[in-house]
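The values are calculated or read from the model by the stated rules, or taken from the named source; none is laboratory data. Here the structure is a predicted model, which means the values were calculated and not measured. Cβ placement follows ideal geometry from the backbone for every residue including glycine, while neighbour counts extend to all protein chains displayed. What goes into the accessible areas is simple: the full protein's heavy atoms, side chains included, and nothing from ligands, DNA or RNA. Shrake-Rupley method; radii C 1.70, N 1.55, O 1.52, S 1.80 Å.
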Amino acid sequence: MSSCRGQKLAGGLRVASSFPLCQPAGEPSRGKMRSSCVLLTALVALAAYYVYIPLPGSVSDPWKLMLLDATFRGAQQVSNLIHYLGLSHHLLALNFIIVSFGKKSAWSSARVKVTDTDFDGVEVRVFEGPPKPEEPLKRSVVYIHGGGWALASAKIRYYDELCTAMAEELNAVIVSIEYRLVPKVYFPEQIHDVVRATKYFLKPEVLQKYMVDPGRICISGDSAGGNLAAALGQQFTQDASLKNKLKLQALIYPVLQALDFNTPSYQQNVNTPILPRYVMVKYWVDYFKGNYDFVQAMIVNNHTSLDVEEAAAVRARLNWTSLLPASFTKNYKPVVQTTGNARIVQELPQLLDARSAPLIADQAVLQLLPKTYILTCEHDVLRDDGIMYAKRLESAGVEVTLDHFEDGFHGCMIFTSWPTNFSVGIRTRNSYIKWLDQNL
């Protein structure tokens, strides 16, 4: 239909003009449609450019991982903007986003009773699984969530679902610790929280309340939680006042040292989601309330150069050329600086503290540890931390199960339900729970 009215002739007839005095009515709308299509195409292209990152072909569900990583990067950028505007600390803002979208109330089911309480002033979420008729006392796992000592919560959906599954499948009591986070507290306060809560739980009267067998208790955690679990395990072996000892420790892609950020896995996975090397180094600096000016120097190992005398005593305990199998070292070379920045270790002596870096603990401490499970992932900067710890524990006479996943990435074990359900997440969780079932 045309918007031209034509010209009026004798007899009242109208004829369309042969001159372009006007244009068809549909042209403006078609023009707008074309503009919208161009804009939409540009937005899709920009989104694809933001989401896409090159990933190894062996990683589980690569496109889903790209989307997960893009979501997390977007949240980080929003939190950095909030920090820049002076509205809040970037870690507080980021954790607010994470918890807001994932917080879950303590809902009990027909088979698992879930309650929020506190153990000696430390918040915990307790999951009580169904008892076995033939076992009046239950086994138990004390679980410590990950998040770079600054993020996540025992009360978000991912950890609630993990602990619920553990409680139900193991017929166990799971204590998930809600320790305080950076920037409200810094090292070693997170360790103090998990030690205090666990010691309270190990009291005979508390174990009796929850009908827990004192001889069947495991300490466990993932990522930074694995770090805290390892530190707690080492501390408890040296505590003569503890009547009840831990039967097992289970560490899931634990972070165990901050002295070498150029192990083969750090070099191989320097930009791999969801934990690039730069982000991990920043978590360490935040944990110690350090200066971000140190980050770039630490990335190239300037803080443990040969002229830093303080690091000399522990350097051999991190010699990955002897601790890692050839299948992991591949063609990577050690990065050892001749001269560096001694000021970093002097201002952050926590770097050399075995409570922050359980991998550098004395052999005499390691040999007292219980049977251990360590889960590692190929596409993870922390892969070699876990493998080296397994090797050192074995050398100390500890029975160790090293469970390595070739298609795994950092954090994968908690991603088991839609929309962040990964094949390797389900397999790692099942393997972890199976080991607990067979050994606890």
Practice prompt. Name the residue, out of Leu242, Leu275, that is closer than 28 Å to Phe405 by Cα, not in a helix (DSSP H, G or I) and not polar (S, T, N, Q).
Written response: Leu275
Item to complete: Kindly indicate whether any position in the stretch 408-415 is more than 28 Å from Gln367 (Cα to Cα), in contact with a Ser or Thr (Cβ under 8 Å, 6 or more places away or on another chain) and part of a strand (DSSP E or B).
Response: yes
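Yes/no per residue for (1) open to solvent by less than 10 Å² (accessible area, probe 1.4 Å); (2) among the hydrophobic types (A, V, I, L, M, F, W, C); (3) modelled with pLDDT under 95:
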site: Asn227; (1), (2), (3): yes, no, no
site: Leu232; (1), (2), (3): yes, yes, no
site: Asp239; (1), (2), (3): no, no, yes
site: Asn244; (1), (2), (3): no, no, yes
site: Lys247; (1), (2), (3): no, no, no
site: Leu251; (1), (2), (3): yes, yes, no
site: Ala258; (1), (2), (3): yes, yes, no
site: Gln268; (1), (2), (3): no, no, no
Fill in: Within the stretch 332-380, tally of residues that are within 20 Å of Asp293 (Cβ to Cβ) and without any contact (Cβ under 8 Å) to a residue 24 or more places away in the chain
1
Worksheet item: In the stretch 65-123, how many are without any contact (Cβ under 8 Å) to a residue 60 or more places away in the chain, open to solvent by 80 Å² or more (accessible area, probe 1.4 Å) and part of a loop (DSSP other than H, G, I, E, B)?
Response: 5
Discussion item. Name the single residue that is least open to solvent (accessible area, probe 1.4 Å) among those in the stretch 169-200 being over 16 Å from Cys218 (Cα atoms) and among the acidic types (Asp, Glu).
Written reply: Asp193
Discussion item. Regarding the stretch 305-325, can at least one residue be identified that is open to solvent by 60 Å² or more (accessible area, probe 1.4 Å), modelled with pLDDT of 95 or more, closer than 30 Å to Ala70 by Cβ and hydroxyl-bearing (Ser, Thr, Tyr)?
Written reply: no
Worksheet item: What are the residue pairs meeting all of these: first residue in the stretch 303-331, first residue in contact (Cβ under 8 Å) with a residue 24 or more places away in the chain, second residue open to solvent by 80 Å² or more (accessible area, probe 1.4 Å) and part of a helix (DSSP H, G or I), Cβ atoms under 6 Å, and 6 or more apart or on different chains?
Response: Leu323/Lys391
Practice prompt. Look through the stretch 387-430, keep the residues that are of a type in the set (Gly, Ala, Ser) and open to solvent by less than 30 Å² (accessible area, probe 1.4 Å), and return whichever of them is farthest from Glu169 (Cα to Cα).
Written response: Ala396
Item to complete: Could you list all residues from the stretch 338-356 that are assigned to a loop (DSSP other than H, G, I, E, B), open to solvent by 80 Å² or more (accessible area, probe 1.4 Å) and of a type in the set (S, T, N, Q)?
Response: Thr338, Thr339
Worksheet item: Which ones in the stretch 133-159 are open to solvent by less than 60 Å² (accessible area, probe 1.4 Å) and among the charged types (D, E, K, R)?
Response: Glu135, Lys138, Arg139, Lys155
